[in-house]
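Readers should treat all values here as calculations from the given coordinates under stated rules, not as data from a laboratory. Being a predicted model, the structure only gives us computed values, none of them experimental. Here Cβ is always computed from backbone atoms with ideal geometry, including for glycine, and neighbour counts include all displayed protein chains.
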Amino acid sequence: MRVSSALPLFHLYGDPPDDRAFDFIHVETISSRSVAHDWTIHAHRHRNLFQFLVVERGGGDLTWEAATLPFAAPCAILVPATVAHGFRFVPRETEGWVVSFTEDVAFGLGERSGEGLARLRALAAEPVLPLAEAELAGLSGRCVALDEERFLAREGFRLAMRGHLALLAIELVRHAVSRARSGAVTLRAADPTVEALRGLIEENYRRERQLDFYAGKLVMTVDRLNNAVKRATGVTAGHLIRHRILTEAKRQLVFTTLAVHEIAYDLNFSDPSHFTRFFRQHTGVTPQAFREQGGG
């Protein structure tokens, strides 16, 4: 029997999931939602929303899957759809913007927008992007313009919001490239084969773990798929599958009270001992030890 994860799934934080959401762009200040939750946004996921945070003042801790990452203004934070995340903001000192959009908006921006979205996902592998004051001013201005279009809803405002969103995304990528050149951050290249594989893994990782399944879906041989993934990422396709399974296992161990055997069956392991061996082989600790350590 399938066991559901207790990690909340929201549209916007606190709102029920909305699979019908389409052409959705939303902007709000960090304080507007976090104040009501005592400046703590507990770990959750969005099924179909990509988010940018532009942190103008303050800072806090970012929960990113099973890790905790500190952040301080000025910075930007990128959160792709499906990633488990949460925030503990410094109360009353933290301010900035949260921009959320469904991925169909990005795909509708132009014929190569899919590549741009893949670029953003790759960039979000390192979610916290430090900013210079001048960079912060430009991004904050984009967010203010986006909020003004949303609030006034003048003729053509949806098109204008897409334009501001596109410029915001471009500026974020440019700043990340600048940091990479200086050695401050590391960018991972987006590759269409890897992105297609990641999408298939996200849909099928619970029930399909064999490379020939994914290679067949991509109309490739297993060797060709492995070579393409290794060239782009430095790891094998099998590693990406195992990593996704481990990520979900860590989520459930840290964010839920499900028993280890329930998590094992949820992830379609034949028995809990097989799951424990798998988890220990790839993390060095048992699932129970990982839970007791709080994911550390």
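Expressed in nm to one decimal, what extension gain is obtained for the pair Asp15 and Glu133 from 0.36 nm per residue of sequence separation less their Cα-Cα distance?
Roughly 39.1 nm would be gained on extension.
Please give the helix 133-152 orientation as an angle from the longest Cα principal axis of the chain, in degrees from 0 to 90, rounded to the nearest 10.
80
Tell me, what HN-Hα J-couplings in whole Hz come from the Karplus equation 6.51 cos²θ - 1.76 cosθ + 1.60 at θ = phi - 60° for each residue of segment 164-171, using x for Gly and Pro?
Each residue's phi maps through the Karplus curve to give 5, 4, 4, 5, 4, 5, 4, 4 Hz.
Figure the gain on full extension for Arg174 and Asp223 (residue separation times 0.36 nm, minus the Cα-Cα span) and round it to one decimal in nm.
Full extension of this stretch gives 14.2 nm more.
With only Lys, Arg, Asp and Glu charged, each at its Cβ (+1 for the first two, -1 for the last two), find how big the charge dipole of the chain is about the Cα centre; round to the nearest 20 debye.
That gives a dipole near 860 debye.
Using r as the Cβ-Cβ distance of Phe22 and Glu208, and R0 as 30 Å, what FRET efficiency do you calculate, to the nearest 0.05?
Result of the calculation: an efficiency of 0.60.
What does the convex hull of the Cα atoms of segment 137-296 come to per residue, in Å³, rounded to a whole number?
Hull volume over Cα atoms, normalised by residue count, gives 190 Å³.
Between the DSSP loop rule and a limit of at most 16 other Cβ atoms within 10 Å, which GluC sites (Glu not before Pro) in segment 198-231 are left?
Loop-located and lightly packed - Glu208.
Identify the GluC sites (Glu not before Pro) of segment 11-95 meeting these criteria: DSSP loop state and at most 14 other C-beta atoms within 10 Å of the C-beta.
The qualifying sites are Glu93.
Let me make sure I get this right: for the chain, a, b and c are the square roots of the gyration tensor eigenvalues over alpha carbons, sorted descending. Under 1.5 in a/c it's rounded, otherwise prolate if a/b > b/c, else oblate. Which is it?
Prolate shape, in that a/c is at least 1.5 and a/b is the bigger ratio.
To the nearest 0.05, how large is the calculated FRET efficiency for Thr286 and Val35 if R₀ is 35 Å and r is the Cβ-Cβ distance?
Calculated value: 0.30.
For the Cα atoms of the chain, what angle does the longest principal axis make with the long axis of helix 222-233, in degrees from 0 to 90, nearest 10?
Helix 222-233 and the main axis of the chain meet at about 40 degrees.
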